[in-house]
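Peer 1: Dropping the structure in here first, questions after.
The values are calculated or read from the model by the stated rules, or taken from the named source; none is laboratory data. Predicted model only: the values in this text are computed from it and were never measured. Cβ placement follows ideal geometry from the backbone for every residue including glycine, while neighbour counts extend to all protein chains displayed. For the accessible areas, the whole protein counts, side chains as well, though only heavy atoms, and no ligand, DNA or RNA atoms are used. Shrake-Rupley method; radii C 1.70, N 1.55, O 1.52, S 1.80 Å.
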Amino acid sequence: MAIEFNTIQKEGLSVQIANAIRDAILEGRLASEERLPSEAELSERFGVSRSTVREALKRLAAQNLIRSERGSSGGAFVNRLTWDEAQDNLVTTTRLLIGMNNIPLEDAIEARFALETSALPLAAENRADQHLAAMAQEIARQRDKLTSDEEFCASDVAFHSAIAAATGNPLLSFQLAAAFEAMQPLMNMLVYRLRDRERIADLHETLASALETGDSAKAAAELDALAAYTKDLAAQRRKPRNG
């Protein structure tokens with residue numbers, strides 16, 4: 001276990017220790033499932049009390065970076081972060097950033113569609129039958145008159161997540177799916193009273209067809225049309241109501 005911790009200040013010792021261990025994890029100097037030294041060993045190594053080390057470990061556990069196990073073979077272990085956990089964290093952080101910083105809806109729309117546009121060439125090249133089937137299934141849900149607004153929103157996310165998966169790149173798919181999960185529900189919530197569900201389903205269908213034929217330029221044009229429609233809905237929402 002290699003942890004650099006050269007300077008200790010009297011204030012915020014537990015934070016500094018937690019950051020040192022966190023950096024070691026993020027930089028790969030501490031591997032997944034690796035057992036950390038005991039509280040006594042860490043206390044001696046950092047020259048602090050065991051209570052300070054304990055507080056540092058609590059911070060790391062709260063960040064889901066480590067876990068504690070009991071028993072003779074127990075101790076503190078580096079967690080293995082799953083894709084789902086990482087995506088949940090990214091979705092939550094993105095939503096908080098948008099909500100707490102008053103990000104304009106138009107900026108969120110621009111970012112969300114720019115990200116997806118960049119992925120279309122890979123999706124057109126690597127899409128498989130299961131991806132196309134997933135898109136078709138969501139389009140059918142969107143055309144179903146019994147589909148609620150909440151279900152339509154979930155289907156919208158699932159449709160675009162299928163495009164992300166079609167890229168065949170797990171990191172890109174992860175980033176895109178998290179963006180969809182974070183931003184698409186916000187957009188749907190704000191404009192659902194104005195949108196034409198059939199029009200959105202039509203745009204989704206032509207987009208899926210372009211991906212099926214491997215035409216990334218056509219797919220980009222259809223996604224641009226969807227982005228323009230979404231921006232138009234956002235503009236309509238901002239218009240003052242008469243009376």
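Peer 1: Which aspartates and glutamates does Lys145 reach when only Cα atoms under 13 Å apart count, and residues fewer than 8 places away in its own chain are ignored?
Peer 2: Cross-link targets: Asp196, Glu198.
Peer 1: Provide the descending list of Cα extents for the chain along its principal axes, expressed in whole angstroms.
Peer 2: Cα spread of the chain along its principal axes, largest to smallest: 66, 51, 32 Å.
Peer 1: Take each uninterrupted DSSP H stretch in the chain, measure its Cα extent along the helix axis, and return the ones at 24 Å or beyond whose mean Kyte-Doolittle hydropathy is at least -1.0.
Peer 2: Helices passing the filter in the chain: 83-100, 105-126, 149-166, 170-191, 216-238.
Peer 1: When the helices in the chain are scored as -39500 (n - 2.57) per DSSP H run of 4 or longer and the sum is shared across all residues, what 222 nm value do you end up with, to the nearest 500 deg cm²/dmol?
Peer 2: -23500 deg cm²/dmol
Peer 1: Choose one of Ala164, Ala177, Ser118: the residue whose Cα lies farthest towards the positive end of the charge dipole of the chain (beta-carbon charges +1 Lys, Arg; -1 Asp, Glu; about the Cα centre).
Peer 2: Ala177
Peer 1: Here is a follow-up. Restricting to DSSP loop positions (anything but H, G, I, E, B) with no more than 16 other Cβ atoms inside 10 Å of their own Cβ, which trypsin sites (Lys or Arg not before Pro) remain in segment 72-164?
Peer 2: Those satisfying the criteria are Arg80, Lys145.
Peer 1: Tell me which residues come under 5 Å, amide H to amide H, from Gly75 once H is placed; ignore anything under 5 positions away on its chain.
Peer 2: Correct list: Glu69, Arg70.
Peer 1: Further question: Give the carbon-plus-sulfur fraction of the accessible surface of segment 1-151 in %, rounded to a whole number; probe 1.4 Å, heavy atoms of protein chains only.
Peer 2: 48 percent
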